[in-house]
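I have placed the structure first, in the form of structure tokens, so that the comments after it can refer back to it.
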Amino acid sequence: MWYSPDNFFDLERMSDTPAAAIFNDLTYVWEVLDHLEPFIRRRIKPNVAPLRACGVMVMAPAAIDAEGAVHHGVTYELGDPAKGGLKIFRHGRLLSEAALIMPGVVLADDDIEIGAGALVESGAMIKGPTIIGPYSEVRQTAYVRGVVMSSPGAVIGHATEAKNALLLAGAKAGHFAYLGDSVLGREVNLGAGAKLANLKMNDSPYVFRFEGQRFTVKRRKFGAIIGDYTEIGCNAVANPGTLLGRAIRVMPNAALAPGYRSGGSFLNG
């Protein structure tokens, strides 16, 4: 059915992400928004408390290895974590699969997990509960407001804000984006300045109509659910309650009205 999770996401390919189980037994794709926080809380393995013991702001480069041990006094070579380009050293020894947390990062509470090989750049602020997935990135000045889960290779980019958001493997919101109460499918790409608005200007329910069917969703906030391989152009805005199928192309500066669009579409509004 058009409203089921497997219409938006290739569930059979999700073995590479711990987020796969969140879709088990869901009838409607938008149900994931209600399940995200309890799902994160059940699965999170917080590992930043030893680092926060030195203060909520990281003052010097630090690493968290695959066993959860914190290493100070590290050096590094920056590169794309998803392509093995990030390398971290301590006393000249390579710390395999370690995550790098750069100076100026604010870790607001202990309920945060930073996955193996991840990169968190200077100026980012992270609140829990949040899982930063393996080999993913949180770039400079990103604001991760909590109830966020990124999957392997995902990017929460420069000056991007995320709240109650799920990014599947390889999803990228690289620059000046807003992700509110939203899901980004595999290899989704948001152009610079793309916004997934999540709050209507009135309190009416969200209504979805397609092929003679009508569904009413009573949520105060509802951003966008974006299917695998969809690309959204720079400065586009998805209005609250937008559902996009797989492999859709959205033109720059488009303003998408709420509702469902089927996969493969080319949208200019």
Please go through the stretch 90-101 and pick out each residue that is among the hydrophobic types (A, V, I, L, M, F, W, C) and crowded, with 16+ Cβ neighbours inside 10 Å. 95, 98, 99, 100, 101
Just give me the residues in the stretch 221-244 being closer than 21 Å to residue 209 by Cα, touching a Leu at 6+ places or on another chain (Cβ under 8 Å) and of a type in the set (Gly, Ala, Ser), in sequence order. 223, 224, 227, 238
Would you tally the residues in the stretch 197-213 being surrounded by 15 or more Cβ atoms within 10 Å (Cβ to Cβ) and not in a loop (DSSP other than H, G, I, E, B)? 3
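Filtering the stretch 109-118 down to residues that are assigned to a loop (DSSP other than H, G, I, E, B) and within 18 Å of the chain's Cα centre (by Cα), which residue is surrounded by the fewest Cβ atoms within 10 Å (Cβ to Cβ)? Before the answer, list the steps.
In the first step, residues of the stretch 109-118 are kept if they are assigned to a loop (DSSP other than H, G, I, E, B); the result is 109-111, 115-118.
Imposing the further condition that a residue be within 18 Å of the chain's Cα centre (by Cα) reduces the set to 111, 115-118.
Values: 111: 19, 115: 22, 116: 17, 117: 22, 118: 27.
Going through the qualifying residues, I end up with 116.
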Pairing a residue in the stretch 243-269 that is at positive phi and surrounded by 15 or more Cβ atoms within 10 Å (Cβ to Cβ) with any residue that is at pLDDT 95 or above and assigned to a loop (DSSP other than H, G, I, E, B), where Cβ atoms lie under 6 Å and the two sit 6 or more apart in sequence or on different chains, gives 247/229
Within the stretch 214-224, restricting to residues that are touching a residue at least 60 places away in the same chain (Cβ under 8 Å) and more than 18 Å from residue 161 (Cβ to Cβ), the one that is surrounded by the most Cβ atoms within 10 Å (Cβ to Cβ) is 219
Out of 141, 160, which single residue is modelled with pLDDT of 95 or more and buried (at least 20 other Cβ atoms within 10 Å of the Cβ)? 160
Limited to the stretch 67-108, what total is found for residues that are farther than 15 Å from residue 136 by Cβ and of a type in the set (Gly, Ala, Ser)? 7
Single condition residue 150 does not satisfy, out of (1) more than 11 Å from the chain's Cα centre (by Cα); (2) under 21 Å from residue 83 (Cα atoms); (3) among the polar types (S, T, N, Q): (1)
Leading residue by the ranking (surrounded by the fewest Cβ atoms within 10 Å (Cβ to Cβ)) among those in the stretch 1-32 that are of a type in the set (Gly, Ala, Ser) and assigned to a helix (DSSP H, G or I): 15
Residues that are touching a strand residue (DSSP E or B) at 6+ places or on another chain (Cβ under 6 Å) and either closer than 20 Å to residue 187 by Cβ or aliphatic (A, V, I, L, M) (or both), drawn from the stretch 227-244: 227, 230, 231, 232, 233, 236, 237, 238, 242, 243, 244
Restrict the check to the stretch 87-103 and report whether at least one residue is part of a loop (DSSP other than H, G, I, E, B), out of contact with any His (no Cβ under 9 Å at 6 or more places or on another chain), at pLDDT 95 or above and under 24 Å from residue 57 (Cβ atoms). yes
Would you be able to say whether some residue in the stretch 170-179 is surrounded by fewer than 21 Cβ atoms within 10 Å (Cβ to Cβ) and within 20 Å of residue 32 (Cα to Cα)? no
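The values are calculated or read from the model by the stated rules, or taken from the named source; none is laboratory data. Source: prediction; values computed, not measured. Positions of Cβ are generated from backbone atoms using ideal geometry, with glycine treated the same way; all protein chains shown enter the neighbour counts.
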